[in-house]
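The values are calculated or read from the model by the stated rules, or taken from the named source; none is laboratory data. The structure presented is a predicted model; accordingly, all values stated were derived computationally and were not measured. Because the Cβ atoms are built from the backbone with ideal geometry, glycine has one as well, and the counts that use them run over all protein chains shown.
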Amino acid sequence: MSTSHQKTSAAIAALDYVQDGMVLGLGSGSTAEVFVRKLGEYVAEGLSIKGVPTSERTADVAREAGIPLIPVDQADCLHVTIDGADEVDGHFQLIKGGGGCLLREKIIAHASDLMVVIIDETKLVGALGEFPLPVEVDPFAFTLTAKKVYDALTRSGIERPDVQLRRKGDGLAPYITDGGNYILDCACRTIPNASATDQALKTIPGVVEHGLFLGLARVVIVGEDSGARVMEL
Ligand code: 5RP
């Protein structure tokens, strides 16, 4: 069956974590968008929630779906964030940022009481790193920052990483995040020690944030052909 069917079953299962009155972090990417559209159907039937989107794109989809949004600085608390991921390992460690929204996604996930991750089964991996790790950097001196990122990845045990500036569809202009930053996509093949990589990247001044989400997800819902498999830590 298709990954699209799997994404839909994961998104529907995530609705079990939503209750009336909640403030929800709304993730980004195609799987999160399926969830947002399903949530909109429940809102139309009377569910009362408020959403805090993690990207401009998700904000647009949520508005289309009829979900009331509040500005993030008016959210006293965030009960649950539901988001997708590019890779998830057996310890619920994630790579995110394929869609370029990792900074806002991480801020919202970190501020939430619970992060629920929804994925199709292709995202479940034995070891992180086949998906290139996105690192969001300040445009100022990004070439110098890219060298520091290479060094940090190498120091944390990644052999010969390939660090590339993400570009727009035209292949020329740099891709710009919602926060006005660049993204370095770092092909690592495998990340042997995600905590060491996390720590090493954090020490670089030009790095705004990176796509390793460690210790944030408590629930992972995997869409499979036979339905949704819910895993809780
Ligand atoms: C965006 C993300 C997405 O959650 C991730 O890229 C997965 O997207 P999709 O559900 O389209 O596969 O981190 O920054």
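Look at G169 and say whether it is at pLDDT below 95 and over 18 Å from the mean Cα position of the chain (by Cα).
Details: at pLDDT below 95: yes; over 18 Å from the mean Cα position of the chain (by Cα): yes.
For G169, the condition - at pLDDT below 95 and over 18 Å from the mean Cα position of the chain (by Cα) - is met.
Could you name every one of the strands (runs of 3 or more DSSP E) located completely within region 111-208 that has at least 1 residues being without any contact (Cβ under 8 Å) to a residue 40 or more places away in the chain?
On the way: elements: 112-120, 133-137, 162-165, 182-187.
Per the criteria, 112-120, 162-165.
Residues are listed down the side, and each one gets a yes or a no for (1) among the basic types (K, R); (2) modelled with pLDDT of 95 or more; (3) within 18 Å of L212 (Cα to Cα):
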{"site": "A13", "(1), (2), (3)": "no, yes, no"}
{"site": "M22", "(1), (2), (3)": "no, yes, no"}
{"site": "R57", "(1), (2), (3)": "yes, yes, no"}
{"site": "D76", "(1), (2), (3)": "no, no, no"}
{"site": "H79", "(1), (2), (3)": "no, yes, no"}
{"site": "G84", "(1), (2), (3)": "no, yes, yes"}
{"site": "G90", "(1), (2), (3)": "no, yes, yes"}
